[in-house]
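Working notes for the structure below.
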């Protein structure tokens with residue numbers, strides 16, 4: 001099932017008044033490998049970013065993977081795509097109010113992960 005199909009299925013269940021697990025909904029929207037890093041980079045930069053700039057800052061996704069993740073984030077209302085009518089083509093991405101509301105959660109996730117990393121580093125230093 002494609003992202004679009006999964007997302008539309010969840011939206012349909014919401015419209016019907018069915019119980020939807022909020023965690024499963026969140027995972028359906030931001031669960032793909034590059035989505036959280038994209039949101040994080042846009043938040044850290046705090047200004048519009050172009051496709052190539054995002055790709056360089058992420059160091060890993062192919063153009064196709066990045067493009068797919070950006071399309072899905074835009075479809076979910078988490079990023080705004082600004083296309084300028086010029087040659088060469090210019091497209092920029094920014095966070096929306098909806099994704100800015102997610103930032104405290106991303107910061108908490110970062111802090112949680114940093115705590116685990118620090119703990120693991122301390123364990124490694126203590127073992128001979």
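The values are calculated or read from the model by the stated rules, or taken from the named source; none is laboratory data. What you see is a predicted model; the values in this text were computed from it and never measured. Glycine gets a Cβ as well: all are built from the backbone with ideal geometry, and neighbour counts include every protein chain shown.
Numerical summary
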| quantity | calculated |
| --- | --- |
| Verdict on residue 56 being assigned to a strand (DSSP E or B) and over 12 Å from the mean Cα position of the chain (by Cα) | no |
| Hits in segment 35-64 (condition: farther than 20 Å from residue 103 by Cβ and either surrounded by fewer than 17 Cβ atoms within 10 Å (Cβ to Cβ) or without any contact (Cβ under 8 Å) to a residue 12 or more places away in the chain (or both)) | 50, 52, 55, 56, 59, 60, 62, 63, 64 |
| Close pairs (6 angstrom Cβ cut-off, 6 or more residues apart or separate chains): on the phi > 0 side of the Ramachandran plot and modelled with pLDDT of 90 or more in segment 76-90, surrounded by 10 or more Cβ atoms within 10 Å (Cβ to Cβ) and not in a loop (DSSP other than H, G, I, E, B) anywhere | 77/98 |
| Of the criteria (1) touching a strand residue (DSSP E or B) at 6+ places or on another chain (Cβ under 9 Å); (2) in a helix (DSSP H, G or I); (3) surrounded by 15 or more Cβ atoms within 10 Å (Cβ to Cβ), which one residue 74 fails | (3) |
| Matching residues, segment 19-52, being touching a strand residue (DSSP E or B) at 6+ places or on another chain (Cβ under 9 Å) and in a helix (DSSP H, G or I) | 38, 39, 41, 42, 43, 51 |
| Conditions (1) more than 18 Å from residue 40 (Cβ to Cβ); (2) surrounded by 13 or more Cβ atoms within 10 Å (Cβ to Cβ); number of the one not met by residue 126 | (2) |
| Test: residue in segment 21-34 that is within 17 Å of residue 100 (Cβ to Cβ), in contact (Cβ under 8 Å) with a residue 12 or more places away in the chain and either in contact with a helix residue (DSSP H, G or I) (Cβ under 9 Å, 6 or more places away or on another chain) or surrounded by 13 or more Cβ atoms within 10 Å (Cβ to Cβ) (or both) | yes |
